[in-house]
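The values are calculated or read from the model by the stated rules, or taken from the named source; none is laboratory data. Since this is a predicted model, take the numbers as computed values, not measurements. Every residue, glycine among them, receives a Cβ derived from its backbone with ideal geometry; neighbour counts consider all protein chains shown. For the accessible areas, the whole protein counts, side chains as well, though only heavy atoms, and no ligand, DNA or RNA atoms are used. Shrake-Rupley method; radii C 1.70, N 1.55, O 1.52, S 1.80 Å.
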Amino acid sequence: MSAKLERLCRQLKESFGDRVGEPVINHGEVSVAVPAADYLAVMRQLRDDPAFSFELLMDLSGIDYSEFTGYQGMRFAAVSQLLSITHNWRLQVKAFAIDDEFPVLESVVDVWNVANWYEREAFDLFGIHFEGHPDLRRLLTDYGFVGHPFRKDFPISGYVEMRYDPEQKRVIYQPVTIEPREVTPRIVREENYGKGGGRG
Amino acid sequence: MADIKNYTLNFGPQHPAAHGVLRLVLELDGEVVVRADPHIGLLHRGTEKLAETRTWLQTLPYLDRLDYTSMIPSEHAYCLAVERLLGVEVPIRAQYIRVMFDEIARIKNHLLNIGTHALDIGAMTMVLYTFREREDLFDALEATCGIRMHQAYYRPGGVYRDLPDQMPKYKENKFKNAQTVKELNEARNGSLLDFLEDFTNRFPVYLSEYHTLLTDNRIWKQRTVGIGVVSPERALQLGFSGAMLRGSGIEWDLRKKQPYEVYDRMDFDIPVGVNGDTYDRYLVRMEEMAQANRIIRQCIDWLRKNPGPVITDDHKVAPPSREKMKGSMEELIHHFKLFSEGMHVPAGEAYAAIEHPKGEMAVWAVSDGANKPYRIKLHTAGIPHLAATDEMCRGHMLADATAVIGTIDLVLGDVDR
């Protein structure tokens, strides 16, 4: 299996050279970063080139790296999981959007039609704009929703809640009344935690 | 001459054939569908966001709530992703148990799909029979982990506990006399494996009954043959997977091509369709049930002969046994830390895909070394299939929209997450 993945890494370097980042193998999958400028062209070649033939786009999702421990760099990325039925291998392609304030990437709808809904979802939840998308509407959130809920600075309980107002006899939105709370805090342990050799 | 205009029709979100809360905006020209625009998200619970605020173990039960007709395979994908990040080995017996329950879920899922699909397009009887068989499988799950639907039975590192030695039995009451209870309990006198073996013996007979009811049924064929045809090229473009992809004639099954757990030791075949229409997908699902039955039998045989541990003994990942926990300080600390702070998963990312009954279900887990996931992306099979409804419905009659929704095996919990 790993010989096959190394072959894929080698082919990626041969075909794209400097246009893609260094391919890395983690947990049985090859991952490669692509600069936003070359994103569409690289994706098209990954599908059409018989050396790769990634016929299937399995998944495309947004990610917000702003609170990732020890990370500094561009905030938003669109991560695609490609699958080739011919070669039976997978590839993860990461494209970072340059502008953190207004993240824009090219749309791959023309390369794989299935990207339509995935990109709508990434736009809805992360606010990543896909240029050239035929119908970039919100997908999962409510009609008239404001904000992008999966961004790390969006609170888990949101900003508004919905209730029935008996006086106005209709459903209204109002600011959330629940107090945010955290039962188990998020902890990242130092490198050698629990390995012994410390003060204990 | 009168001016004839297209008109739009709202299908759902409260329509019984919409399989949940799907709102389908149909643009009709007379009775012909010109455009179908599914509006989803009415069941969006933000599972991925919730996962970011829960520990790795607390996230697991949310996975059951995704596809609430076949719960266990979703847990499986999540456990695989976490195990890959942690690098823990799963005991071989747990792998067999997982494969067995995945296949039980496959039968359960396809029974529901075929039953309700038939119900939607006019064959009322099917659903009564398929729910009868589902009941047996639910009983098996209840005996294993105490819960009929949302099991939370798979854990990172194995499964929660070993299979039970006995099945719960029916008791006499004012509705059931001694004779009825005796008949009902006949299959339940042995262990869970005996009960399941009895089921696998009965199931091929049931399957042939379904074939008698539907396969050559003229009305069923009129409603399904040539409806929602998807060519292999389009199936790839539309990102299909599972029975939808195989129905279009592409031989692709992760259990064979990228085997996980012990699927490489199993003997089974992959059914493939020819025409890519609703009827072919129905036949693929029927045959998949027969194959799943074969796999369950092989698992039962192996599980009978090979006792052993079912969860890893790495107590940073899985809790120690109650007995040890009560007797040893070290184990008590492990237990406490695991259920309060939770396990720490090394930084990295893993994409774990499995062959869910509906198609490829995958969990992309990103960790930055904390006790909570940094991001969990759930790829469920339903999304690309539902996204293709527009293309599959175009040019068909309004009544065929129901057939198309039935054939994509739609569960909104799965699509909306």
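List of remarks:
- Quarter of Cα convex hull surface for region A:122-200, i.e. mean projection, nm²: 10.0
- Compactness of region A:10-157 as Cα Rg over 2.2 N^0.38 Å, two decimals: 1.05
- Surface accessible to a 1.4 Å probe, per residue, for the residues of region A:107-178, Å²: 53
- This model, with +1 at the C-beta of Lys and Arg and -1 at the C-beta of Asp and Glu, gives the protein assembly as shown a dipole about its Cα centre of some 1440 debye.
- Backbone amide hydrogens, once placed in the peptide plane, bring B:Ile270 within less than 5 Å of nothing, excluding anything fewer than 5 places away on its chain.
- Average projection, convex hull of the Cα set of chain B: 23.7 square nanometres.
- In region B:86-185 the Cα-Cα distances spread across 5 Å bins starting at 0 as 2, 11, 16, 17, 16, 14, 12, 7, 3, 1, 0 percent of all pairs.
- Screening chain A for DSSP H helices whose Cα atoms reach 15 Å or more along their own axis and whose mean Kyte hydropathy is at least -1.0 gives A:2-16, A:115-126.
- With DNA, RNA and ligands ignored, accessible area of A:Leu136 (1.4 Å probe; Å², nearest 10): 50
- Choice from A:Glu55, A:Glu22, A:Glu179 with maximal GNM fluctuation in chain A (Cα, 10 Å cutoff): A:Glu179
- Pairwise FRET efficiency - B:Lys316 versus B:Arg294, Cβ, R0 = 45 Å, nearest 0.05: 0.75
- In this simple spin-label model, placing a label point 7 Å from the Cα along the Cα-to-Cβ direction at both B:Lys5 and B:Val229 gives a separation of 3.4 nm.
- Estimated FRET transfer efficiency (B:Lys305, B:Glu89; beta-carbon r; R0 22 Å; 0.05): 0.55
- Using alpha carbons only: equivalent-ellipsoid semi-axes of the protein assembly as shown, gyration tensor based, whole Å: 35, 35, 26
- Peptides ranked, highest mean first, by Cβ atoms within 10 Å: ranges B:264-276, B:374-386: B:374-386, B:264-276
- Ratio of the Cα radius of gyration of region B:269-345 to 2.2 N^0.38 Å, where N counts its residues: 1.92
- Between A:Asp49 and A:Gln168, the modelled labels are 5.7 nm apart [label points 7 Å from Cα along Cα→Cβ].
- Label point distance in nm, B:Asp216-B:Leu50, each placed 7 Å from Cα along Cα→Cβ: 4.8
- Label zone at B:Asn275, where the point sits 7 Å out along the Cα-to-Cβ direction: region B:186-216 residues whose backbone N lies under 14 Å: B:215-216
- Taken about its Cα centre, region B:228-280 carries a charge dipole of roughly 140 debye when the Cβ of each Lys and Arg holds +1 and the Cβ of each Asp and Glu holds -1.
- Listed residue (B:Val363, B:Tyr374, B:Cys393) projecting farthest to the positive dipole end of region B:321-417, Cβ model: B:Tyr374
- For the residues of A:81-89, the average number of beta carbons from a partner chain within 10 Å of their own beta carbon is 3.
- Rounded FRET efficiency, nearest 0.05, which uses the C-beta distance separating A:Arg151 from B:Gln166 and R0 of 45 Å: 0.30
- Separation of the alpha carbons by more than 24 angstrom is noted, of B:Lys49/B:Lys108; B:Lys108/B:Lys256; A:Lys152/B:Lys358, for B:Lys49/B:Lys108; A:Lys152/B:Lys358.
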